[in-house]
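Quick note: the coordinates plus some simple rules give every number you see, no bench work behind them. Note that the coordinates shown come from a computational prediction; the quantities given were computed from them, not determined experimentally. Here Cβ is always computed from backbone atoms with ideal geometry, including for glycine, and neighbour counts include all displayed protein chains.
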Amino acid sequence: MRLPVLVSVCLCVATSAWAQPARSVGVTMGYPTGVGVLWHVSDRIALRPDVSLTRSKAKTTTATVVAPSIFGPGETLTTSTTQTDWTTSAGLSVLVTIRDLDRLRLYAAPRVAWFRTETENDARANTLGAFNSENDGLQASGGLGAHYGFGDRAAAFGELGVYYTRQALSSGYSGGGTEATLTGVGLRSVVGFVLYF
C-alpha cells in the first residue's frame, strides 16, 4: 500500500520539476563590449545582442611665455582646447554550444558589430581652426568561449578569438578635410557576467 503511494509522490515531484521552464533570458555585462541580452533560443543556440556608449571630454590649457623685446614687454599667452569624443557600438553574437559539461558550457562565438566614433575639437590654439572626425566601421569576429553557471540566476563567461575590422574615416579642419579607409586584424577577448530573470 505504501509503495504505490511513494511511487506516485516521486512521479509528481519529478514531473513538476521537469515542467519548470529553464531561465532562458538574462542581462549581460561585459568588458569591453558593454551591456546586452542573452537569449537561449535552444539547448545549443543562444543570441547575444550588445550595445555600448562612451563619452570623454578633455580640456587642455597651454601657457606660452613671450620674452620681452624691442617690440614690447614680455607677456604670457594662454590658449585652451576642448575635445569631445563619442563612441557607440552595437553587435550581435551567435553562441553555438560545442560541449556541455554540467555547469560549464564551451561554445563557438561568431559576432558582427557596427561602431561609430565622433571627435570634435575647437582647436583654438591651432591656426587651422576647429577639427572634427567621424569613423564608421564594421567588425567581424569569431572565437571560442566558456560559460560557467553559479546557479539558476548567475553565470560568468569569457571569450578569446580574432577579428577583422573595416573603417571609413573622414576628418579635417574648417578649411578642408581628408577621407580614408582603414582595415585591421587582431585578437579579441571579452569577459563578463550574466544575470538571469
7 Å from Cα along Cα→Cβ at both Thr178 and Arg99: what's the point-to-point distance in nm?
4.9 nm
Describe numerically, in nm with one decimal, the distance between label points set 7 Å from Cα along Cα→Cβ at Glu118 and at Val37.
2.6 nm
When the Cα centres of the stretch 154-197 and the stretch 81-151 are compared, how far apart do they sit, in Å?
4 Å
For the stretch 98-197: Kirkwood Rh in Å [reciprocal of mean 1/r, alpha carbons]:
16.6 Å
Quote to one decimal, in nm, the extra length available between Leu138 and Ile45 on full extension: 0.36 nm per residue of separation minus the C-alpha distance between them.
31.1 nm
Can you find, among Phe131, Gln167, Ala180, the residue farthest towards the positive end of the dipole of the stretch 93-197? Put +1 on the C-beta of Lys and Arg, -1 on that of Asp and Glu.
Gln167
Relative to the compact globular guide of 2.2 N^0.38 Å, what is the alpha carbon radius of gyration of the stretch 60-100, as a ratio?
3.00
